[in-house]
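Worksheet: the structure to be examined is printed underneath.
The values are calculated or read from the model by the stated rules, or taken from the named source; none is laboratory data. Please read these numbers as outputs of a predicted model, since none were measured by experiment. Neighbour counts are summed over all protein chains in view; Cβ atoms, including those assigned to glycine, are modelled from backbone coordinates with ideal geometry.
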Amino acid sequence: MSHVQPIVASTAVFKDDIFKGKVLFCTGGGSGICKGMTEAVMRHGADAVIVGRKLDRLMQSAEELSRLTGRTCLPVQADVRYPKQIQDAVAKTIEKFGKIDFVICGAAGNFLAPISGLSENGFRTVIEIDTLGTYNTIKATLPHVRATKGSYIHVSATLHYRGTPYQVHVSAAKAAVDATSNVLAVEEGPHGVRSNVIAPGPIAGTEGADRLTPKGPGSGMGAMPAGRYGDVKDIANTAVFLFSDAASFLSGQVIAVDGASEHIRSMQLPYPESVLDPVSMKSLIKPRM
Ligand code: COA
C-alpha cells in the first residue's frame, strides 16, 4: 500500500512546465519521501525513472505516478550497493529517455540499534546502502548529468549533527553523504553541475518516521517549533525549488527541512535509560518486520 498521498496542490506556487523535457533518475523512488519528490518533479513536466529493490512496489508506484502526473515513469529494479546494477539502470534510462537532468540519491536503510547490539555487518549494511549507494549512483550518472549541466539532490538526515543514540550506522553514513555532496558540488561546479543535500526532519506518514519514532509512554518527538510534523510535500517543494532555475546559484549546501526542530531536539528515547538498559526499550521500538 502506498504511504504517499498525491501532493497536487502543494507545488502550485511553481509554474506547471518548469521541468518540461527534463528527466529525473531517483533511487528509492518507489516509496515515501523519494516517491513524493518524484511526483512533484513530474507534475512540473519531467519524466522519471524510479529505482529500488522491490519490483512489485516499483511497478505499482510507477503506474501511479504516471497516472497522477500525465508523464512517463519507468520502474527499474536495482540495488544501489552494486555498481553494475546501477550502471544497468542508467543504461535503461538512457535507452528510454536519452538523457538525465536530475538525480535524487535517496535509497536508504535504517533501524534502531545501539552499538552494543549492532553487528559489524549491520553497520556495514547501512553504510553500503546510504554511502556507497550514493557514490555508486553519482558515478553511474555523472557523465549524463554533466552533459545536461544538471543537478543532484541527496537525501540525508539531521540526526548526525548530534550524538543520537541507536543511530551510529545512519549517522556515519549520512555524514559521509553530506561530505560527498560538498565535494561533488566543488568538483563539478565548473562543468555546470550542482549538488545539494536535503536533510528532512520528522516527516509524518513515512516508513522512516513510523519505524524510527519510538512508541509508548515516555517516547516521542517532543515539541515542534513549526507546530506540526513535516509533510512529504515540504520535502517535495524543496526538491522542486532546488532543481529549478531559481536555485541556479545554490550548490554545495545541506538544507535541513525540519521546521527548526533540530534547534530544540531532545533525545527521542528516555536517556540514559535507553543506553543503560536497551532491553527495556523493546516496548518503545517497533520491531523489525
Ligand atoms: N537491529 C539490529 N540489526 C539489524 C536490524 C535491526 N533492527 N535490521 C537489520 N540488522 C542487521 C542484520 O542483523 C544483519 O546483520 P547480521 O548479518 O550480523 O545479523 C545486517 O543488519 C543486514 O541485515 P539484512 O536484513 O540481512 O540486510 P538487507 O540488505 O536485507 O536489509 C535494511 C537491510 C537496512 C534495508 C533492512 O534492515 C530493512 O529492511 N530495514 C527497514 C527498511 C528501511 O530501512 N527503510 C528505510 C527507512 S529510512
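Scanning the range 243-257 for residues that are closer than 19 Å to Cys105 by Cα and among the acidic types (Asp, Glu) gives no hits.
Can we say Ala175 is within 11 Å of the ligand (Cβ to nearest atom), at pLDDT 95 or above and of a type outside the set (D, E, K, R)? No.
Is it the case that the range 30-39 has a residue that's closer than 19 Å to Lys139 by Cα, assigned to a helix (DSSP H, G or I) and within 16 Å of the ligand (Cβ to nearest atom)? So far as the range 30-39 goes, no, none of its residues is closer than 19 Å to Lys139 by Cα, assigned to a helix (DSSP H, G or I) and within 16 Å of the ligand (Cβ to nearest atom).
Is it the case that Thr164 is of a type in the set (S, T, N, Q), under 23 Å from Ser261 (Cβ atoms) and buried (at least 20 other Cβ atoms within 10 Å of the Cβ)? In short, no. Could you say whether any residue in the range 228-242 is more than 27 Å from Ser31 (Cβ to Cβ) and surrounded by fewer than 15 Cβ atoms within 10 Å (Cβ to Cβ)? No, the range 228-242 has no match at all.
Only one entry of Val240, Val257 meets the criterion of being closer than 26 Å to Val103 by Cα, in contact with a His (Cβ under 7 Å, 6 or more places away or on another chain) and modelled with pLDDT of 95 or more, and that entry is Val240.
Residues satisfying the criterion are present in the range 204-211 (criterion: within 19 Å of Met37 (Cβ to Cβ), modelled with pLDDT of 90 or more and in contact with a strand residue (DSSP E or B) (Cβ under 9 Å, 6 or more places away or on another chain)).
Taken together, Lys92, Lys54 contain a single residue that is more than 16 Å from the ligand (Cβ to nearest atom), in contact (Cβ under 8 Å) with a residue 12 or more places away in the chain, surrounded by fewer than 20 Cβ atoms within 10 Å (Cβ to Cβ) and basic (Lys, Arg), which is Lys92. Taking Gly106 as the residue in question, decide whether it is within 13 Å of the ligand (Cβ to nearest atom), buried (at least 17 other Cβ atoms within 10 Å of the Cβ), touching a residue at least 24 places away in the same chain (Cβ under 8 Å) and within 21 Å of the chain's Cα centre (by Cα). Yes, satisfied. The requirement of being part of a loop (DSSP other than H, G, I, E, B) and within 20 Å of the chain's Cα centre (by Cα) is not satisfied by Gly21. Is it true that some residue in the range 142-151 is of a type outside the set (Ser, Thr, Tyr) and buried (at least 24 other Cβ atoms within 10 Å of the Cβ)? The answer is yes, given that some residue of the range 142-151 is of a type outside the set (Ser, Thr, Tyr) and buried (at least 24 other Cβ atoms within 10 Å of the Cβ). Within the option set Ala78, Ala12, being modelled with pLDDT under 95 and out of contact with any Pro (no Cβ under 6 Å at 6 or more places or on another chain) holds for one residue only, Ala12.
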